[in-house]
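Novice: Pasting a structure here, questions to come.
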Amino acid sequence: MQTPSNYIPPSAPDIENCVLGAILLDPGTYVEIENFLSDEDFYVPKNAIIFHAIESLHKAHEAIDMLTVREKLKATGKLDEAGGEARIACLTDNLASAAHIVHHAKIVKQKSIERQVIHLSRQATEKILGLEDVEDVMMWQCREIERLQGYMTGGIRHISAPIKEAITEMYIRRELNAQGKSIGITTGLSNLDCITGGWKKSDLIIIAARPAMGKTAFALHFAKCAAASGHPVALFSLEMSDVSLADRLLLSESSVNAYDYRTGKLSADDAVETEKAAGILHNLPIYVDDNASATMPHIRSTARRLNRQERCEIVLIDYLQLADGTKDKNTHREQEISRMSREAKKMAKELNIPVILLSQLNRESEKRQDKRPALSDLRESGAIEQDADMVCLLHRPEYYKKSLDINGVEVPNGIEFVIAKYRNGATGRVILQHDGTLNRIFDYIPSAPARGYINPDRFHESATNDGMPF
């Protein structure tokens, strides 16, 4: 598309003049904008030259006023390019004070970013027309857009602002606690909610296990419970199709036998019950992306779009090692996993929502006598543990022909949900159960206090020095 001859890029010359005039009127205000505004953000070349001179004076710890700026421009031979002495003198005309400099500077920055986005779009077009790989172009464009977004969302604040927000959130948590509600998004498991307070905003939660331990089952359980409590869910399935996920959700919502459902041996009553389950699930705010070739930039951009549309308050990704990484053959898989893990954390922080990321464990736990997983088993990257706010490990003893005993009492279909890392709380182990097919997961309620079982009411009292009440 050809640019019209009368096209003017996004800009605000008068606002630029106000920013420069405010600094000359009150040099102390420069420090309020120095962290996010630079000479490159000015559209008018003369203004960019003047601001650069101000930057240079500030870095040299020299006074800033009309005279020093003029002399600086003379010394660098830029005075005429900046419009001469008359241009500098008129910048403070009709400007009563420098009170609005931050607001004006943000407008200048906004226009600068708009111009850069337009430029990026043109570059992307040129790359595509130059027959560059479309996926490489999209990943490049995503990285550049994210860099620009950092300028939009970043910025230093006085501690009073976050303190005020923290107090507001404290009273919200107090009110929710008084009502017996979860602070975060419910897990659908009361014992786990009591310990974690639900999934928290901006947290990256890793749920890791060996194959066949139930990672996808937990992802679907958490997705359904979050959606049922009114929180829209974005579920990215890199392993299973959306129809396969729908099958498992239907089985989790009904009491229909899984074998009968899959082989078509359903009775008329079973079919009716399945239809009822479909009616319940049909209206839940769950959005599924089953693109097996999805990259983390694709996931982030999709989640960002859904979040803007108020259709995403929690993200689940099944699972990390299946996500496509960079096409650079010189990049090691460990570096790719580290980068994708970091991007997942950035997504949680940027959108201010919990992100649950499923991950495979390596084979080390298989070599142990009890087969229990550990943090060191996280596959391919220690960065996963580093980036995560919470790391949970799944273990099903019955899979290894072992029983899960609590105080000498066997727990049928027992699952150990191990909180191995929790940045904002204590670690420990929760005992759960499933229905034998992993379609339904629920709390285990022991008949007597059990060693190794977390009593939510006494969780913090029971935690040992290492935080693991085993």
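Novice: Among the candidates Val108, Val69, Val102, which residue alone is crowded, with 18+ Cβ neighbours inside 10 Å and either farther than 30 Å from Val137 by Cα or acidic (Asp, Glu) (or both)? Can you show your working first?
Specialist: Values: Val108 fails: either farther than 30 Å from Val137 by Cα or acidic (Asp, Glu) (or both); Val102 fails: crowded, with 18+ Cβ neighbours inside 10 Å.
Testing whether each residue is crowded, with 18+ Cβ neighbours inside 10 Å and either farther than 30 Å from Val137 by Cα or acidic (Asp, Glu) (or both) leaves just Val69.
Novice: Of the conditions (1) open to solvent by 80 Å² or more (accessible area, probe 1.4 Å); (2) in contact with a Pro (Cβ under 6 Å, 6 or more places away or on another chain); (3) of a type in the set (Lys, Arg), Lys74 clears all except one; give me its number.
Specialist: Answer for Lys74: the failing condition is (2).
Novice: Search region 423-439 for residues being of a type in the set (D, E, K, R) and either modelled with pLDDT under 85 or assigned to a loop (DSSP other than H, G, I, E, B) (or both), and hand back the single one that is most open to solvent (accessible area, probe 1.4 Å). Give the derivation first.
Specialist: Of the residues in region 423-439, the ones of a type in the set (D, E, K, R) are 423, 429, 435.
Filter again for either modelled with pLDDT under 85 or assigned to a loop (DSSP other than H, G, I, E, B) (or both), leaving 423, 435.
On the way: Arg423: 118, Asp435: 48 Å².
So the residue we want is Arg423.
Novice: Name the residues in region 274-289 that are touching a residue at least 12 places away in the same chain (Cβ under 8 Å) and open to solvent by less than 60 Å² (accessible area, probe 1.4 Å), would you?
Specialist: Here is the first cut: in region 274-289, the residues touching a residue at least 12 places away in the same chain (Cβ under 8 Å) are 274, 276-278, 280-281, 284-289.
Correct list: Thr274, Ala277, Ala278, Leu281, Leu284, Pro285, Ile286, Asp289.
Novice: Please name all residue pairs, on different chains or six or more residues apart, with Cβ atoms under 6 Å, provided the first residue is in region 341-360 and is within 17 Å of Ala209 (Cβ to Cβ) and the second residue is among the polar types (S, T, N, Q).
Specialist: Listed by first residue and then by second, the contacts come to Gln360/Gln321.
Novice: Report yes if Phe442 is under 19 Å from Ala258 (Cβ atoms) and in a strand (DSSP E or B), otherwise no.
Specialist: Details: under 19 Å from Ala258 (Cβ atoms): yes; in a strand (DSSP E or B): yes.
Yes, satisfied.
Novice: Applying the selection to region 370-421, what residues are of a type in the set (Asp, Glu) and out of contact with any helix residue (DSSP H, G or I) (no Cβ under 7 Å at 6 or more places or on another chain)? Spell out the reasoning first.
Specialist: Keep residues of region 370-421 that are of a type in the set (Asp, Glu), which gives 370, 377, 380, 385, 387, 389, 398, 405, 410, 416.
Selection gives Asp370, Asp389, Glu398, Asp405, Glu410, Glu416.
Novice: Can you tell me which residues in region 191-209 are at pLDDT 90 or above and open to solvent by 10 Å² or more (accessible area, probe 1.4 Å)?
Specialist: Across region 191-209, the qualifying residues are Lys200, Lys201, Ser202, Asp203.
Novice: In region 77-92, how many are under 46 Å from the mean Cα position of the chain (by Cα) and open to solvent by 60 Å² or more (accessible area, probe 1.4 Å)?
Specialist: Of the residues in region 77-92, the ones under 46 Å from the mean Cα position of the chain (by Cα) are 78, 81-82, 88, 91-92.
Those still in the list that are open to solvent by 60 Å² or more (accessible area, probe 1.4 Å) too: 78, 81.
Looking only at that region, the number is 2.
Novice: Still on this structure, I have one more. Would a scan of region 36-58 turn up a residue that is assigned to a loop (DSSP other than H, G, I, E, B), among the acidic types (Asp, Glu) and either touching a residue at least 40 places away in the same chain (Cβ under 8 Å) or surrounded by fewer than 14 Cβ atoms within 10 Å (Cβ to Cβ) (or both)? Walk me through it before giving the result.
Specialist: Looking only at region 36-58, we keep the residues that are assigned to a loop (DSSP other than H, G, I, E, B), and these are 36-38, 42-44.
Filter again for among the acidic types (Asp, Glu), leaving none.
Within region 36-58, not a single residue is assigned to a loop (DSSP other than H, G, I, E, B), among the acidic types (Asp, Glu) and either touching a residue at least 40 places away in the same chain (Cβ under 8 Å) or surrounded by fewer than 14 Cβ atoms within 10 Å (Cβ to Cβ) (or both).
Novice: Determine which single condition Lys109 fails, assuming it passes every other condition in (1) in a loop (DSSP other than H, G, I, E, B); (2) in contact (Cβ under 8 Å) with a residue 12 or more places away in the chain.
Specialist: It is condition (1) that Lys109 fails.
Novice: Turning to a different aspect of this structure: Would you check if Leu120 is open to solvent by 80 Å² or more (accessible area, probe 1.4 Å) and more than 20 Å from Glu34 (Cα to Cα)?
Specialist: Details: open to solvent by 80 Å² or more (accessible area, probe 1.4 Å): no; more than 20 Å from Glu34 (Cα to Cα): yes.
No: the conditions fail for Leu120.
Novice: Looking at (1) surrounded by 11 or more Cβ atoms within 10 Å (Cβ to Cβ); (2) more than 30 Å from Phe442 (Cα to Cα), can you tell me which one Thr186 breaks?
Specialist: With (1) surrounded by 11 or more Cβ atoms within 10 Å (Cβ to Cβ); (2) more than 30 Å from Phe442 (Cα to Cα) applied to Thr186, the lone miss is (2).
Novice: So which residues in region 123-133 are surrounded by 13 or more Cβ atoms within 10 Å (Cβ to Cβ) and either touching a His at 6+ places or on another chain (Cβ under 7 Å) or outside any helix (DSSP H, G or I) (or both), if there are any at all? Lay out the reasoning, then the answer.
Specialist: Going through region 123-133, the residues surrounded by 13 or more Cβ atoms within 10 Å (Cβ to Cβ) turn out to be 123-124, 127-128, 132.
Within region 123-133, Glu132 is the sole residue that qualifies.
Novice: Moving to a separate point now. Name the residue that is surrounded by the fewest Cβ atoms within 10 Å (Cβ to Cβ), counting only residues in region 229-245 that are part of a helix (DSSP H, G or I) and touching a residue at least 12 places away in the same chain (Cβ under 8 Å).
Specialist: Initial filter on region 229-245 (part of a helix (DSSP H, G or I)): 242-245.
Within this subset, residues satisfying the condition of being touching a residue at least 12 places away in the same chain (Cβ under 8 Å) are 242, 245.
On the way: Asp242: 14, Leu245: 21.
Going through the qualifying residues, I end up with Asp242.
Novice: Here is a further query. Within region 405-422, identify whether any single residue is under 22 Å from Asp203 (Cβ atoms), touching a strand residue (DSSP E or B) at 6+ places or on another chain (Cβ under 7 Å), at pLDDT 85 or above and open to solvent by 30 Å² or more (accessible area, probe 1.4 Å), and answer yes or no.
Specialist: Checked region 405-422: at least one residue is under 22 Å from Asp203 (Cβ atoms), touching a strand residue (DSSP E or B) at 6+ places or on another chain (Cβ under 7 Å), at pLDDT 85 or above and open to solvent by 30 Å² or more (accessible area, probe 1.4 Å).
Novice: Now for a separate question. Return the total of residues in region 373-421 being in a loop (DSSP other than H, G, I, E, B) and either in contact (Cβ under 8 Å) with a residue 60 or more places away in the chain or not hydrophobic (A, V, I, L, M, F, W, C) (or both). Give the steps one after another, and end with the answer.
Specialist: Taking region 373-421 first, the residues in a loop (DSSP other than H, G, I, E, B) are 373-374, 379-382, 388-389, 396, 401-404, 407-408, 411-413.
Then drop every residue that is not either in contact (Cβ under 8 Å) with a residue 60 or more places away in the chain or not hydrophobic (A, V, I, L, M, F, W, C) (or both), which leaves 373, 379-382, 388-389, 396, 401-403, 407-408, 412-413.
Here the count works out to 15.
Novice: Quick one: which residue in Arg262, Arg311, Arg248, Arg300 is open to solvent by 30 Å² or more (accessible area, probe 1.4 Å), under 25 Å from the mean Cα position of the chain (by Cα) and among the basic types (Lys, Arg)? Quick ask: steps written out before the conclusion?
Specialist: Working: Arg262 fails: under 25 Å from the mean Cα position of the chain (by Cα); Arg248 fails: under 25 Å from the mean Cα position of the chain (by Cα); Arg300 fails: open to solvent by 30 Å² or more (accessible area, probe 1.4 Å).
Of Arg262, Arg311, Arg248, Arg300, the one residue that is open to solvent by 30 Å² or more (accessible area, probe 1.4 Å), under 25 Å from the mean Cα position of the chain (by Cα) and among the basic types (Lys, Arg) is Arg311.
Novice: If you check Ala226, Ala219, Ala294, which single one turns out to be at pLDDT below 90, among the hydrophobic types (A, V, I, L, M, F, W, C) and open to solvent by less than 50 Å² (accessible area, probe 1.4 Å)?
Specialist: Values: Ala226 fails: at pLDDT below 90; Ala219 fails: at pLDDT below 90.
Exactly one of Ala226, Ala219, Ala294 is at pLDDT below 90, among the hydrophobic types (A, V, I, L, M, F, W, C) and open to solvent by less than 50 Å² (accessible area, probe 1.4 Å), namely Ala294.
Novice: Next up: Only one of Ile118, Ile88 is within 28 Å of Leu20 (Cβ to Cβ) and in contact with a Lys or Arg (Cβ under 8 Å, 6 or more places away or on another chain); which?
Specialist: Values: Ile118 fails: in contact with a Lys or Arg (Cβ under 8 Å, 6 or more places away or on another chain).
That would be Ile88, the only listed residue that is within 28 Å of Leu20 (Cβ to Cβ) and in contact with a Lys or Arg (Cβ under 8 Å, 6 or more places away or on another chain).
Novice: Another question about this same structure. Out of all the residues in region 195-212, which are out of contact with any Ser or Thr (no Cβ under 6 Å at 6 or more places or on another chain) and over 16 Å from Arg423 (Cα atoms)?
Specialist: Ala209, Arg210, Pro211, Ala212
The values are calculated or read from the model by the stated rules, or taken from the named source; none is laboratory data. These figures come from a predicted structure and were not determined experimentally. Here the Cβ is made from the backbone with ideal geometry for all residues, glycine too, and neighbour counts use every protein chain on show. Keep in mind that these areas ignore ligands, DNA and RNA; they rest on the heavy atoms of the full protein, side chains included. Shrake-Rupley method; radii C 1.70, N 1.55, O 1.52, S 1.80 Å.
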